[in-house]
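Below is one structure; the comments refer to it alone.
FYI, it's all coordinate maths here, none of it is from the lab. Small disclaimer: the values here were computed from a predicted structure and weren't measured. So basically every Cβ, Gly included, is an ideal-geometry build from the backbone, and we count neighbours across all protein chains shown.
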Amino acid sequence: HSTPVLPNIKVAGSSIPAKEVGGDFFAYHTYADGRLGVAVGDVSGKGIPAALLMALALNTFETLVDTYHDQGDLLEACNVSLAPRMMQSRQNAAFLSVVLDGRNYEAQVANAGLIAPLLWRGGQVQYVESFGLPLGAMHGASYTEQVVALQPGDSLLLVSDGIVEA
C-alpha cells in the first residue's frame, strides 16, 4: 500500500501474514472531497481459499464505495453481493469500514463482525461501539453507521483478529 497523505490526518498501516497468503487485509480509499476511507477485514479460513474470497470482498467494496455515503448502507450492499457465494462456501468476511474526515473532525464507522475500533483520547482508551454480523453470514443482514466526533490528537486503532491470534 502507499500510505495516503491528507491534511489533519496521520495514517499508518501494516499487514504481516502468518502464511504467505491469507484472508486478512486493509485498504485505503481517497474520496474526491478529501475524506479517507479505510477498510479492514478478515475472511474466514486460511491460505489460498481465504485469499481468493478476500480479493472478492475487497473488489466488491471498491466497486461500491463511492456509491454510498452511509457506511452501514455500504456494508449492506456488500453483503447483498457477497452472501450468496459466501454462504455456499460456508465462509464469511469480518469487515470494518471507516471514513475519516479531517476537515470536520469526525469518523463514520460501520462494522460487520470485526473487532471494534479503539479510540485513544487524552490517555483514555475506549471501544467505538459498532457491531454487525460478518458479511456473508446471512441474507438481509443490517448494519448501522456510528459517527464519532474526533478531537485533535485522537488516535483510532483498527485491527483484524490476526492481532489477537498472534
For this session: Report the full-extension gain for the segment Q151 to R121: residue separation times 0.36 nm, less the Cα-Cα distance, to one decimal in nm.
Result: 10.0 nm
Problem set entry | Coil-residue GluC sites (Glu not before Pro) of the stretch 80-155, DSSP, other Cβ within 10 Å capped at 13 | E129
Exercise. Computed from these coordinates, which is semi-axes √(5λ) of the Cα gyration tensor in Å: [x] 25, 18, 15; [y] 21, 20, 16; [z] 30, 23, 14?
Worked result: [x]
Problem set entry | Electrostatic dipole magnitude of the chain [Cβ: Lys, Arg +1; Asp, Glu -1; Cα centre; debye, to 20] | 320 debye
Exercise. Against the longest principal axis of the chain, how steep is helix 71-89, in degrees 0 to 90 to the nearest 10, with axes from Cα atoms?
Worked result: 20 degrees
For this session: For the chain, with a Gaussian network of springs between Cα atoms less than 10 Å apart, report the residue from S89, S130, S97 with the top mean-square fluctuation.
Result: S89
For this session: Mind telling me which of Q91, Q124, Q151 comes out most flexible in a GNM of the chain, alpha-carbon contacts under 10 Å?
Result: Q124
For this session: With everything on Cα atoms, drop me the angle between helix 47-64 and the longest principal axis of the chain, reported from 0 to 90° to the nearest 10.
Result: 50 degrees
